[in-house]
Amino acid sequence: MELIEYNKIETVYERNCQTKKLNEGQFRDETVEFLKDNIWEFTEKIDGTNIRIFWDGHKVNYYGRTNNSQIPVMLMNRLIELFGGNVNEEMFEQKFGETPVMLVGEGFGEKIQNGGNYIKGNDFILFDVFIGENWQPRSVVNEIAEYFNIMSVPVLFEGNLQKGIDYVKTKPKSTIGTANMEGLVARPKKELRNRMGHRVIVKIKVCDFEEK
């Protein structure tokens, strides 16, 4: 398995070129529109920086959203604490052997986006795992988070897409610290791809549904 960049998560609706606001009801992806009344899983969208932890079968490496992204020093120290050193390397080997694995999550905390309203310092929360050319189901993500004693984004609720949109319109508080919630990430109960081979996954941000 080669190291891949994490897929960009598109907004659920098209954006109006003049007003810059979302055109509610005009879906960006026809597959998303087709599935809108199915059961989706909704997790909190953490306001931070994308982090990939890559086990190549022999050692652990750390990357941001791209291979050349700079990871803040405080966050890098926390990642090394969580995944670095001989003991953690043995844990990767014990769990995965020589099978390459990519753990994807959000680095968050002080001096990172919304930062200080979440926690003091920096931390990492897991939201996706890529093994064997496949994104793993939520049960596997949670199992791996528990194995490494790290946080994973919880499923806040399930339902159709409108339920998630209605929820962000209430301007909810984050499940971490005192921050306001940035929004939700929604994906079908079962991992799916559209006709272009892209994952079916969308973001629903609070700021996109605020009255201006």
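The values are calculated or read from the model by the stated rules, or taken from the named source; none is laboratory data. The model shown is predicted, which means the values in this text are computed figures rather than measured ones. With ideal geometry, Cβ positions are generated from the backbone for all residues, glycine too; neighbour counts draw on all protein chains shown.
General remarks:
- Note on the range 16-60: residues that are polar (S, T, N, Q) and either without any contact (Cβ under 8 Å) to a residue 40 or more places away in the chain or in a loop (DSSP other than H, G, I, E, B) (or both) amount to 6.
- Exclusive hit being under 24 Å from K190 (Cβ atoms) and of a type outside the set (S, T, N, Q), set I165, I119, I112, I80: I165
- Among the residues making up the range 75-116, those that are aliphatic (A, V, I, L, M) and modelled with pLDDT of 95 or more are L75, M76, L79, I80, L82, V87, M91, V101, M102, L103, V104.
- Taken over the range 184-208, the criterion of being under 16 Å from E10 (Cβ atoms), outside any strand (DSSP E or B) and in contact with a Gly (Cβ under 9 Å, 6 or more places away or on another chain) is satisfied by C207, D208.
- Output for the range 62-82, where each listed residue is among the aliphatic types (A, V, I, L, M) and outside any loop (DSSP other than H, G, I, E, B): V73, M74, L75, M76, L79, I80, L82
- Taking the criterion of being in a strand (DSSP E or B) and of a type outside the set (D, E, K, R), the residues of the range 113-145 that qualify are N122, F124, I125, L126, F127, V129, F130, I131, N134, W135.
- Considering the range 132-149, the residues that are of a type in the set (D, E) and at negative phi include one that is surrounded by the fewest Cβ atoms within 10 Å (Cβ to Cβ), namely E146.
- Failed item in (1) under 20 Å from the mean Cα position of the chain (by Cα); (2) more than 26 Å from F157 (Cβ to Cβ); (3) surrounded by 20 or more Cβ atoms within 10 Å (Cβ to Cβ), with V129 passing the rest: (2)
- Considering the range 83-112, the residues that are of a type in the set (A, V, I, L, M) and either in a helix (DSSP H, G or I) or out of contact with any Gly (no Cβ under 8 Å at 6 or more places or on another chain) (or both) include one that is surrounded by the fewest Cβ atoms within 10 Å (Cβ to Cβ), namely V87.
- Residues located in the range 174-212, provided they are within 17 Å of E30 (Cα to Cα), among the charged types (D, E, K, R) and either over 15 Å from the mean Cα position of the chain (by Cα) or surrounded by 15 or more Cβ atoms within 10 Å (Cβ to Cβ) (or both): R187, R193, R195, R199, K203
- Among the residues of the range 152-167, those that are touching an Asp or Glu at 6+ places or on another chain (Cβ under 7 Å) and either within 23 Å of N77 (Cβ to Cβ) or assigned to a loop (DSSP other than H, G, I, E, B) (or both) comprise V153, N160.
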